[in-house]
Amino acid sequence: MSCRLMDLRSKEVINIKDGVRLGCVDDIEIDQKNAVILALVIYGRAKFFGLFGREDDLIIEWHNIEIIGEDTILVRFDGYTRVRTSKKHGWLDQFFKG
């Protein structure tokens with residue numbers, strides 16, 4: 001079975017530990033040297049319509065993926081795997097640095 005990045009982006013990611021919907025795949029991390037997918041990235045939710053930036057991004061490493069189905073991706077995510085602080089800031093952050 002093959003899958004394109006655009007196909008992954010339309011799939012919901014569900015944590016099988018607690019049944020929580022984590023979001024949809026926004027990006028992937030690739031090892032360029034070995035041409036291997038390292039992780040799925042789910043961007044953090046926008047804070048107050050994006051005015052105050054975003055929450056931290058969830059990075060789910062490839063070994064935590066259990067099943068990639070037609071509509072969903074089931075993962076075993078403990079919440080402490082890897083979380084990247086989002087570099088996306090809201091437009092109000094330029095006025096309130098602190």
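The values are calculated or read from the model by the stated rules, or taken from the named source; none is laboratory data. The structure displayed is predicted, hence computed values, not measured ones. Glycine also receives a Cβ, built like all others from the backbone with ideal geometry; neighbour counts cover every protein chain displayed. Calculation scope for accessible area: heavy atoms of the full protein, side chains included, ligands and nucleic acids excluded. Shrake-Rupley method; radii C 1.70, N 1.55, O 1.52, S 1.80 Å.
Based on the Cβ-Cβ distance from E66 to Q32, what FRET efficiency comes out when R0 is 30 Å, to the nearest 0.05?
Efficiency, from the Cβ-Cβ distance: 0.70.
In the full protein assembly as shown, how much of R21 is accessible to a 1.4 Å probe, in Å² to the nearest 10?
Roll a 1.4 Å probe over it and R21 shows about 110 Å².
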